[in-house]
Amino acid sequence: MSGEPQRIGVFGGAFDPPHLGHVALAQAAVAQLDLSQLLVVPTGQPLHKRRALSAAHHRLAMCALAFSAVPQVRVDAREIERSGPSFTVDTLEALQREHPGAQLCLLIGQDQAQTLQNWHRASDLARLAIIYVAARPESVGSIAGIDPIQTRKFALQSLHMPAMVHSATDIRHRVAQQQGIETLVSEPVARYIAHHHLYQTP
């Protein structure tokens, strides 16, 4: 056994639905960050989202289907099961207690990175985890589109991603308009959405 500390990735989001871009990010994180485990953590009802999310059991089931091809992934329901508001910092602190000595790696998108200073107890995030931002291929040097001061404040690191255009909002819209989504989500997720009649109203 190596003396290196365990590295655990934490990838949160609504996953409504989880799409191929999410899976690509998970695969990139496992490959680039030498993760022993990657926790996919669907959110409860986030305070910043005006739209009500799909039922938690649907999002958990779709995540299990979407990420099944990535053996290091475990879908973690703690934020859905937590009563009251659910914050990333609470999840990181709980994981730190559960895995003493492990290095936590928080994975976020560039849109999330731009508002990181507004997150609950934002100043504690960099103390609890290394924060990796999924960077688009055109990003050169510093992470494109993010304030360099904020990049230094949170010690943001880049996670290099292939060029993929996927949006859960677009997928929901396409389903509502009875358009195909086969190139945007995995086949099992597409079947699940159709079987449970999700997203059929705009």
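The values are calculated or read from the model by the stated rules, or taken from the named source; none is laboratory data. If you're wondering where the values come from, they're calculated on a predicted model, not measured in any experiment. Every residue, glycine as well, gets a Cβ built from its backbone with ideal geometry; the counts of neighbours run over all protein chains shown.
General remarks:
- Among residues of the range 87-103 that are at positive phi, those with a beta-carbon under 9 Å from a residue that is not polar (S, T, N, Q) at least six positions away or on a different chain give the pairs G101/P5.
- For the range 30-46, the criterion of being surrounded by 14 or more Cβ atoms within 10 Å (Cβ to Cβ) and acidic (D, E) is satisfied by no residue at all.
- Of all residues in the range 63-101, those being touching a Pro at 6+ places or on another chain (Cβ under 6 Å) and closer than 23 Å to A31 by Cβ number 3.
- Any hit, the range 158-176, residues being surrounded by 15 or more Cβ atoms within 10 Å (Cβ to Cβ), more than 17 Å from R51 (Cα to Cα), modelled with pLDDT of 95 or more and in contact with a Lys or Arg (Cβ under 7 Å, 6 or more places away or on another chain): no
- Scope the range 151-202; condition closer than 19 Å to L107 by Cβ and outside any loop (DSSP other than H, G, I, E, B); matching residues: T151, K153, Q157, S158, L159, H160, A168
- Some residue of the range 39-50 being more than 30 Å from H195 (Cα to Cα) and of a type outside the set (S, T, N, Q): no
- When D90, D147 are checked against the criterion of being farther than 21 Å from A55 by Cβ, surrounded by fewer than 17 Cβ atoms within 10 Å (Cβ to Cβ) and over 21 Å from the mean Cα position of the chain (by Cα), a single residue qualifies: D147.
- Pairs with Cβ under 7 Å, 6+ apart, first in the range 191-202 and under 13 Å from R172 (Cβ atoms), second among the hydroxyl-bearing types (S, T, Y) and in a loop (DSSP other than H, G, I, E, B): I193/Y199; L198/S54
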